[in-house]
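Asks: Here's a structure for you.
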Amino acid sequence: MSITKRLFVGLSTIALGASITACGGSDQSTSCVDCDDQVTVGILHSLSGTMAISESTLVDTEKMAIEEINAAGGVEVGGKKYEIKYIVEDGASDWPTFAEKSKKLIDQDKVPVVFGGWTSASRKAMLPVYESKDAFLYYPIQYEAQECSNNIFYTGATPNQQSEPATEFMFKRSPAAGKPFFLVGSDYVFPRTSNTITIEQVKSLGGEVVGEDYLPLGNTEVAPIIAKIKKALPNGGVIINTLNGDQNVAFFKQIQDVGITPDNGYYVMSYSIAEEEISTIGPEFLAGHYGAWNYMMSINTPASKKFARNFKKRWGSDRVVADPQESAYNMVYLWKAAVEKAGTFDDNEVRKALIGVKFDAPQGPVEVMPNHHLSQTVRIGQITSGGQFKILESTNGPVLPQAWNQFEPSSKGYACDWTDSKKGERYPL
Amino acid sequence: MKNSFTNKRLFSFLVWAAIIAAIIAAPSILPVFRLNLLGRYLSLAIVALGVDLIWGYTGLLSLGQGIFFALGGYCAAMFLQLNSATNFPNQIPEFFGLYGVQQLPFFWEPFRSSLFTLLAIWIVPASVAAILGFLVFRNRIKGVYFSILTQAALLVFFNFFNGQQKLINGTNGLKTDVTLLFGQMVGSDSMQRYFFWITAVLVILAWFFARWIVRDRFGNILIAIRDDEARVRFTGYNPTLFKTIVFAIAGGLAGISGALYTIQSGIVSPQFMTVPFSIEMVIWVAVGGRGTLLGAILGAVIINYAKSLVSEALPASWMFIQGGLFILVVTALPEGVLGWMQSDGPRNLLSRLGVRRPLSTYPGLEERGKDEVKL
Amino acid sequence: MQLILESLFNGLAIGSVLLIAALGLAIVFGLMGVINLAHGELMMLGAYSTYVTQLIFKLTPLKQFYNSYVIVSLVVAFVVTAVVGIVLERSIIKRLYGRPLETLLATWGVSLILQQFVRSVPLAYASGLICTILIGLIFHIILPKNSLTYSQARIAKVSSWVFSILLGLLSANWLSSSISKLGRASARNVDVTAPSWMRGGFDLWNITFPVTRIVIIVITIIAVFSVTWFLKQSVWGMRIRAVTQNRSMSECLGISTETVDVLTFGIGSGLAGIAGVAVSLLGSVGPNVGGNYIVGCFMVVVLGGVGNLLGTIIASFSIGIMTDLIGAGRLLTIWPDMPAPLATTVDFFATTSMARVLIFALIVAFLQFRPSGLFPQKGRMVEG
């Protein structure tokens, strides 16, 4: 090895060391908690990659909620008003990145709360970070449950607030009542778990699930699945659809071509298609099929209309609001209410104060339950050719959330309660 | 001459002292989050060393190193999960319960042993690499063909791991942060500090190992395969054997790297087997300097650091920067930054800007030693 | 019989998408030994051109021709992607001939940039840019070079580019003002709606044949035939074949290999554009649409071998049929009483994701017998 080479090695090592030290030094204090009259919260969604399309709508909604709160005077703690600031981080549609950015928000930016996540995989990746650092995450998406963390607060629907009423509706009261079911989903945890629950539920209702199939994420060749459906449901039936994102487009375009349509007795119930997706896929492919949500844009109440109007005013008149956005909106307000109730930004106090907080959400009243989920109203809608849901049914008031599913044998008979130290994450009922 | 020799010794001693001091001191200087990032990037340097061995030295561009990386990560993560699964029903990790699995799949059984896991972390990926490599190299598949085949293999592994909920938890992957090792939580700050030290030491060891490989006869053959494989074959060597061995070594390094990366990032998932990640590994080496081991290490650390800084500030621009980097490096800097520096790049640049280089005339040549002259 | 027919049709449908997607890739690979990792992104550009064409056809003066926009968009997509491909070849790939691995990396870089480009640049301006380049290139070709003096040529060149930039700006402006959707950047997936005559399907022998699929099969057949005709019958096709077989000898005989390279790359990229049209009819159009198909293309190229269209065709259709047979679980229906262990294995692989795994394993196994694909190139080269 020549001298220059060695010199270079040495120099580069020193340079590396110096740069690391420099970065370490300069990266401090990008934010400030409680400095004067501001509080900084974290927002963590995918701004790049495949999920950016969906998740960016949540960022927009959360920003809007924060702006609304600030315009109304901010958060009041101990008689003092705090303005909410936010740091937006990019999860890049990559689950490990979600964990990394969570660590950054907690350790470096020291935010009291993080609003974030969409896919179950991203939540599962973040969960250990929040548990090991005892921080607090607010997660806004309807999901498969079977989880109840002390460090996560879930404002989306659990299966008994979305898929179970929907399955029951399809089996008992839809035009395809009593017909066999076929389950289609993207290949990841939400469709798989959700379908396990649906299979158990259909069995207990006395119906029949004649097949299930999963499309790998990123694959849009749906022809084999359609062939399977045609074979399994020759005379029409119910298709429960938990496909993700653009796979839905391929699916709905192509099932129409082979005659899997409401006219021929095939009804698709989708759990991931909201107003946003309807406008992307095109209502002409979806009209007559079903969806189940807590919030639908067509809800005819002043709160709902105001939410939609404000969102359009803030982000453009061609934008729509949908259930995930409404959940994201609620969670910011619920956090604010809990902080004000607790009188501090401290995680543990806020967590305690959160239970029992009520909020008049765009969907109607919601309340935080001891299992860190929300009680919410469930609505079944039929997609119209205008790209909206026609609400066919809605539950009589909010439905209590079940973190542990009561159809799935492994979790049957369990529940979650964080207000009682003896009960905790999972206790037998 | 003697004097210069001791100078060299002293100099290298100083360099090593500085490196060791930096490693020991890093945890106290850096905040936890940055230390954790640095530790992860250092572990990526190990996989980059492997890529450098197969691509920089042997000329095999594998776009599927993510397979071996993830395999190492899965081995480590499953060991940790099993180790802390004593409280769960059936003494198996919690996620199995979600899918109604009662009994641990048989191939995970041995991972209850720590010794087995330590071996498996590099032996499993290395053997997969050896098998895959042998099947491909045996048929003299190489060049671009080899690259797209590895990419297809990567995607197939991704699909497989993504779809197998009941065996390996599918898309969710395995978490390590809340698992226990020696009674300590893996995600805790003190554990992460130890992991940083272990990673730093392993990077140095891996560098020595890689240097040992490329320095001797073996390394010469690798370079010969890169430059003219047919000639190597005609000289009586069997390129298949050498290629398989070096591919397996790179696989093993990737496995170690994946395990270290997993315990520091807290999760291993099929995302490690996506196409972009594996191609990124190549660009670390390409930027640092292919065929220079130090370049691979520096490239991995610096590019990843830049990525995390850029994506914090301007998330959308990283794709442009990265894409530009790919194009720039292969068109303007094919030898990478380190290679450019070693091949007189800076002096050429200076002379282009009008600064003359000193003339290398006879007396000067003798004084400075022959290896200094590169015209 | 009905089962076999249905299976055959489905395989044909999947295979034709693979074939049209892989055709351009295979031609470029065959001629230049270059794998273009940005091929998927060129498909994406083709799909986006379909989308833009569709929106233009919704404007009043063209509305009556709306039903035929797909045919126009085939031409548009071909031209757009061919132009992008030519720019790509002239600016980057040209510098990397003889270094296929580096080309692989550079084209990956291009693919990243293209993906981010459609996310962050409004489509109207992207179209304007393409217009500029297209018009500039046309001027570049038609300008009489020999009759002008050096300074005249320079002025002509500069003014032609200024003119094309102006035209490009004008078209961008017109697009963004008349179609507001194109005026904003969006990472959102967009949707191409097939005209009404292409929706639905018709029943024959108890099988529903979706019209879209048939249209795609027809497009593929036409594309394959025109490419074959071009390569076998036209003068430039002959030159391309000559360069494929022996580059230096062709150069000695006075064939401009540079033009051949541009031409081949342009055609290969243009075919990616046509594939983009086909793909846009099946699913949504987004920045990642190309990435979904590219690995399938690789499998086709690996299986089909280099420099032989027939290999590519057979490879695509066999992969298509295998995907259908395995993925849709048809093997069990065709052969209901297969032995139990085999049946469980087949059942294990009878999902779309596992079908891919199995097909890859089969391809690797196949390569053990035929290392250079179905139709290996014959020649006297040392490297087989």
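Asks: For segment C:237-305, give me every one of the helices (runs of 4 or more DSSP H) that falls completely inside it and has 2 or more residues that are within 29 Å of B:Thr150 (Cα to Cα).
Replies: On the way: elements: C:247-252, C:257-282, C:291-304.
The helices (runs of 4 or more DSSP H) meeting that bar are C:257-282, C:291-304.
Asks: For segment C:296-318, what are the residues that are open to solvent by 10 Å² or more (accessible area, probe 1.4 Å) and either of a type outside the set (Phe, Trp, Tyr) or touching an Asp or Glu at 6+ places or on another chain (Cβ under 8 Å) (or both)? Outline the logic, then answer.
Replies: Pass one, segment C:296-318, residues open to solvent by 10 Å² or more (accessible area, probe 1.4 Å): C:296, C:299, C:303, C:306-310, C:313-314, C:317-318.
Answer for segment C:296-318, where residues must be open to solvent by 10 Å² or more (accessible area, probe 1.4 Å) and either of a type outside the set (Phe, Trp, Tyr) or touching an Asp or Glu at 6+ places or on another chain (Cβ under 8 Å) (or both): C:Gly296, C:Met299, C:Leu303, C:Val306, C:Gly307, C:Asn308, C:Leu309, C:Leu310, C:Ile313, C:Ile314, C:Ser318.
Asks: Restricting to segment B:175-193, and then to whatever is on the phi < 0 side of the Ramachandran plot, over 22 Å from the mean Cα position of the chain (by Cα) and of a type outside the set (A, V, I, L, M), can you tell me which residue is modelled with the highest pLDDT? Working first, answer last.
Replies: Residues of segment B:175-193 on the phi < 0 side of the Ramachandran plot: B:175-181, B:184-193.
Subset that is over 22 Å from the mean Cα position of the chain (by Cα): B:177-181, B:184-191.
Cutting the leftovers down to of a type outside the set (A, V, I, L, M) gives us B:177, B:179, B:184, B:187-190.
Working: B:Asp177: 73, B:Thr179: 74, B:Gln184: 75, B:Gly187: 74, B:Ser188: 76, B:Asp189: 77, B:Ser190: 80.
So the residue we want is B:Ser190.
Asks: When you scan segment C:20-42, do you find a residue that is within 30 Å of C:Thr132 (Cβ to Cβ), among the acidic types (Asp, Glu) and in contact (Cβ under 8 Å) with a residue 60 or more places away in the chain, even just one?
Replies: Yes, segment C:20-42 has at least one match.
Asks: Of all residues being farther than 25 Å from C:Ala47 by Cβ and polar (S, T, N, Q) in segment C:123-163, which is least open to solvent (accessible area, probe 1.4 Å)? Just the residue, please.
Replies: Our first condition is that a residue be farther than 25 Å from C:Ala47 by Cβ; within segment C:123-163, this holds for C:139-163.
Narrowing the set further to residues that are polar (S, T, N, Q) leaves C:146-147, C:149, C:151-152, C:159-160.
On the way: C:Asn146: 151, C:Ser147: 89, C:Thr149: 74, C:Ser151: 69, C:Gln152: 92, C:Ser159: 61, C:Ser160: 11 Å².
Applying the filter and picking the extreme gives C:Ser160.
Asks: Among C:Phe9, C:Phe78, C:Phe65, C:Phe57, which is surrounded by fewer than 24 Cβ atoms within 10 Å (Cβ to Cβ) and modelled with pLDDT of 85 or more?
Replies: Working: C:Phe9 fails: modelled with pLDDT of 85 or more; C:Phe65 fails: modelled with pLDDT of 85 or more; C:Phe57 fails: modelled with pLDDT of 85 or more.
Step by step, each of C:Phe9, C:Phe78, C:Phe65, C:Phe57 is checked, and only C:Phe78 is surrounded by fewer than 24 Cβ atoms within 10 Å (Cβ to Cβ) and modelled with pLDDT of 85 or more.
Asks: Residues being under 20 Å from A:Tyr271 (Cα atoms) and within 11 Å of another protein chain (Cβ to nearest Cβ): count how many of those fall in segment A:132-150. Give the steps one after another, and end with the answer.
Replies: Here is the first cut: in segment A:132-150, the residues under 20 Å from A:Tyr271 (Cα atoms) are A:139-147.
Now restrict to residues that are within 11 Å of another protein chain (Cβ to nearest Cβ): A:144-147.
Total meeting the criteria: 4.
Asks: Name the residues in segment B:297-335 that are outside any helix (DSSP H, G or I) and either among the small types (Gly, Ala, Ser) or buried (at least 24 other Cβ atoms within 10 Å of the Cβ) (or both), would you? Can you show your working first?
Replies: Here is the first cut: in segment B:297-335, the ones outside any helix (DSSP H, G or I) are B:314-316, B:332-335.
Matches in segment B:297-335: B:Ala316, B:Ala332.
Asks: If A:Lys103 passes every condition in (1) in contact (Cβ under 8 Å) with a residue 60 or more places away in the chain; (2) surrounded by 24 or more Cβ atoms within 10 Å (Cβ to Cβ) but one, which one does it miss?
Replies: Condition (1) is where A:Lys103 drops out.
Asks: Further question on the same structure: Would you check which residues across segment A:81-131 are more than 9 Å from every other protein chain (Cβ to nearest Cβ) and among the basic types (Lys, Arg) and list them?
Replies: Residues satisfying the conditions are A:Lys81, A:Lys85, A:Lys110, A:Arg123.
Asks: Here's something else I'd like to know. List every residue pair whose Cβ atoms sit under 8 Å apart, with the two residues 6 or more apart in sequence or on different chains, where the first one lies in segment A:375-398 and is assigned to a loop (DSSP other than H, G, I, E, B) and the second, anywhere, is acidic (Asp, Glu).
Replies: Matching pairs, first to second residue: A:Ser385/A:Glu284; A:Gly387/A:Glu275; A:Gln388/A:Glu275; A:Pro398/A:Glu367.
Asks: Among the residues of segment C:82-122, count how many are in contact with a helix residue (DSSP H, G or I) (Cβ under 7 Å, 6 or more places away or on another chain), facing chain B (nearest Cβ under 8 Å) and part of a loop (DSSP other than H, G, I, E, B).
Replies: Residues in segment C:82-122 being in contact with a helix residue (DSSP H, G or I) (Cβ under 7 Å, 6 or more places away or on another chain), facing chain B (nearest Cβ under 8 Å) and part of a loop (DSSP other than H, G, I, E, B): 1 in total.
Asks: For segment A:229-265, give me each residue that is free of Cβ contacts under 8 Å to residues at least 24 places away in the same chain and basic (Lys, Arg).
Replies: Selection gives A:Lys231 alone.
Asks: I'd like to verify a number: residues in segment B:26-38 that are free of Cβ contacts under 8 Å to residues at least 24 places away in the same chain and facing chain A (nearest Cβ under 9 Å), how many?
Replies: Just the residues of segment B:26-38 that are free of Cβ contacts under 8 Å to residues at least 24 places away in the same chain, to begin with: B:28-31, B:33-34.
Subset that is facing chain A (nearest Cβ under 9 Å): B:29-31, B:33-34.
Going through segment B:26-38 one residue at a time, the tally reaches 5.
Asks: Return yes when B:Pro315 is over 25 Å from B:Ala206 (Cβ atoms), at pLDDT below 70 and within 13 Å of chain C (Cβ to nearest Cβ) and no when it is not. Please lay out each step first, then the result.
Replies: Details: over 25 Å from B:Ala206 (Cβ atoms): yes; at pLDDT below 70: yes; within 13 Å of chain C (Cβ to nearest Cβ): yes.
Answer is yes for this residue.
Asks: Taking the conditions exactly as written (modelled with pLDDT of 75 or more, part of a loop (DSSP other than H, G, I, E, B) and either closer than 29 Å to B:Thr171 by Cβ or open to solvent by 10 Å² or more (accessible area, probe 1.4 Å) (or both)), does C:Pro376 satisfy them or not?
Replies: Values: modelled with pLDDT of 75 or more: no; part of a loop (DSSP other than H, G, I, E, B): yes; either closer than 29 Å to B:Thr171 by Cβ or open to solvent by 10 Å² or more (accessible area, probe 1.4 Å) (or both): yes.
Taking the combined requirement at face value, the residue does not satisfy it.
Asks: Taking A:Leu127 and the conditions (1) hydrophobic (A, V, I, L, M, F, W, C); (2) within 27 Å of A:Tyr427 (Cα to Cα); (3) in contact with a Gly (Cβ under 6 Å, 6 or more places away or on another chain), which numbered condition does it fall short on, given that it satisfies the others?
Replies: The one condition A:Leu127 does not meet is (3).
Asks: Checking the structure you have, find out if any residue of segment C:261-281 is open to solvent by 40 Å² or more (accessible area, probe 1.4 Å) and without any contact (Cβ under 8 Å) to a residue 60 or more places away in the chain.
Replies: Yes, segment C:261-281 has at least one match.
Asks: Shifting gears a bit: Checking the structure you have, find out if any residue of segment A:224-237 is more than 9 Å from chain C (Cβ to nearest Cβ) and part of a strand (DSSP E or B). Give the steps one after another, and end with the answer.
Replies: Pass one, segment A:224-237, residues more than 9 Å from chain C (Cβ to nearest Cβ): A:229, A:232-237.
From what's left, part of a strand (DSSP E or B): A:237.
Yes, segment A:224-237 has at least one match.
Asks: Restricting the search to segment B:286-296, which residues are in a helix (DSSP H, G or I) and open to solvent by less than 20 Å² (accessible area, probe 1.4 Å)? Before the answer, list the steps.
Replies: Going through segment B:286-296, the residues in a helix (DSSP H, G or I) turn out to be B:286-288, B:293-296.
B:Ala286, B:Gly288, B:Leu293, B:Gly295, B:Ala296 - these are the residues of segment B:286-296 that are in a helix (DSSP H, G or I) and open to solvent by less than 20 Å² (accessible area, probe 1.4 Å).
Residue by residue, here is whether (1) surrounded by 14 or more Cβ atoms within 10 Å (Cβ to Cβ); (2) within 20 Å of the chain's Cα centre (by Cα) holds:
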residue: B:Phe195; (1), (2): yes, yes
residue: B:Val201; (1), (2): no, yes
residue: B:Trp212; (1), (2): no, yes
residue: B:Asn220; (1), (2): no, no
residue: B:Thr235; (1), (2): no, no
residue: B:Thr240; (1), (2): yes, no
residue: B:Gly251; (1), (2): yes, yes
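Asks: Another one. So B:Ile225 passes all but one of these: (1) away from chain A (no Cβ under 12 Å); (2) closer than 26 Å to B:Gln81 by Cβ; (3) buried (at least 18 other Cβ atoms within 10 Å of the Cβ). Which condition number does it fail?
Replies: With respect to (1) away from chain A (no Cβ under 12 Å); (2) closer than 26 Å to B:Gln81 by Cβ; (3) buried (at least 18 other Cβ atoms within 10 Å of the Cβ), B:Ile225 is out only on (2).
Residues are listed down the side, and each one gets a yes or a no for (1) in the same structural domain as B:Phe242 (by TED's automatic domain parsing); (2) open to solvent by less than 70 Å² (accessible area, probe 1.4 Å); (3) touching a residue at least 12 places away in the same chain (Cβ under 8 Å); (4) in contact with a helix residue (DSSP H, G or I) (Cβ under 6 Å, 6 or more places away or on another chain):
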position	(1), (2), (3), (4)
B:Glu94	yes, no, no, no
B:Ile123	yes, no, yes, no
B:Arg138	yes, no, yes, yes
B:Gln151	yes, yes, yes, no
B:Phe158	yes, yes, yes, yes
B:Phe161	yes, yes, yes, yes
B:Thr171	yes, yes, yes, yes
B:Asp177	yes, yes, yes, yes
B:Leu180	yes, no, yes, no
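Asks: Out of the residues in segment B:124-141 that are more than 8 Å from every other protein chain (Cβ to nearest Cβ) and in contact with a Leu (Cβ under 7 Å, 6 or more places away or on another chain), state the one that is farthest from C:Val28 (Cα to Cα).
Replies: Looking at the filtered set, the residue picked out is B:Val124.
Asks: If the Cβ limit is 8 Å and pairs must be 6+ apart or interchain, which residue in segment C:167-189 that is open to solvent by 90 Å² or more (accessible area, probe 1.4 Å) pairs with which residue that is modelled with pLDDT of 70 or more and assigned to a loop (DSSP other than H, G, I, E, B)?
Replies: C:Arg184/C:Pro122
Asks: Identify all residues within segment B:39-53 that are in contact with a Gly (Cβ under 8 Å, 6 or more places away or on another chain) and either farther than 24 Å from A:Ala99 by Cβ or within 9 Å of chain A (Cβ to nearest Cβ) (or both); write none if there are none.
Replies: Hits for segment B:39-53 are B:Gly50, B:Asp52.
The values are calculated or read from the model by the stated rules, or taken from the named source; none is laboratory data. Since the model is a prediction, treat every value here as computed from it, not as a measurement. With ideal geometry, Cβ positions are generated from the backbone for all residues, glycine too; neighbour counts draw on all protein chains shown. We work out accessible area using only protein heavy atoms, side chains counted, and drop any ligands, DNA or RNA first. Shrake-Rupley method; radii C 1.70, N 1.55, O 1.52, S 1.80 Å.
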